[in-house]
1. Looking at segment 32-49, I want the residues that are without any contact (Cβ under 8 Å) to a residue 12 or more places away in the chain and have a partner that is among the β-branched types (V, I, T) with Cβ atoms under 7 Å, at least 6 apart or on another chain. Which pairs are those?
2. Name the residue, out of S48, S113, S121, that is surrounded by 12 or more Cβ atoms within 10 Å (Cβ to Cβ), within 28 Å of E16 (Cβ to Cβ) and among the small types (G, A, S).
3. State whether one or more residues within segment 109-120 are of a type in the set (S, T, Y), modelled with pLDDT of 75 or more and over 30 Å from A30 (Cβ atoms).
Amino acid sequence: MREDSTWSLLTPEQRETLEGWLFEENLGYAKTLERVQKEFGVTATMASLGRFYRRRARERQVEELLEEAAAADELNDLPVSVASMRQAAVKLVGKAALKLASEKPEELDQLVSFTKLLLASEDNDLRRSRLKLAQQYFDYEAITASQKELPHLRAYLKVSGFDDSLTTEEKLGRIQKILYGWDGSKLSPDGQENANNGN
């Protein structure tokens, strides 16, 4: 604020009260100006109050972002799992919904919002469970399929001269040649087959 601004003449306590009227109570400019005149003995214009409000709104937004960033950093340092934090958040939302339903049942919009959050959380839990089950099923199918083929692969490797005296790289090369028709020497550093390998 400029030094000659009306609002710079207020004490820090008065400015805090003024912000409470504007941001917490949402009084509007006209009623706020009346209160400023009545309680602080200060006369100001609607335009200057508008400038004060817009400047403080920007500053408060930055302050809130910094506080949220600091809180997020603190949470990241905590030795807790994401799952336990998710459970705690859902419990808090459930508690807030119950409190609202019992104390202010007429506020349906908020109650609907809380209920939607709880249902969305439940839906996400179901999706996670399905995904985990699908992964386990895939792993089981893959293991079962590979177990059926292992005796054939062992027998084939034994017949084709695969023995324990080979190095690990030689074993892998032979397995790749048996399975895919080429060995690791035809691979480029990124694992892709070389374009000039004659194929």
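The values are calculated or read from the model by the stated rules, or taken from the named source; none is laboratory data. This structure is a prediction, so every number in the text was calculated from the model and none was measured. Virtual Cβ from ideal backbone geometry, glycine too; neighbours counted across all protein chains shown.
1. Here the result reads Q37/T43, each pair linking segment 32-49 to a residue that is among the β-branched types (V, I, T).
2. Values: S113 fails: within 28 Å of E16 (Cβ to Cβ); S121 fails: within 28 Å of E16 (Cβ to Cβ).
Result of the check over S48, S113, S121: S48.
3. Restricting attention to segment 109-120, the residues satisfying the condition of being of a type in the set (S, T, Y) are 113, 115.
When the remaining residues are screened for being modelled with pLDDT of 75 or more, the result is 113, 115.
Still in the list and also over 30 Å from A30 (Cβ atoms): 113, 115.
Scanning segment 109-120, I find at least one residue that is of a type in the set (S, T, Y), modelled with pLDDT of 75 or more and over 30 Å from A30 (Cβ atoms), so the answer is yes.
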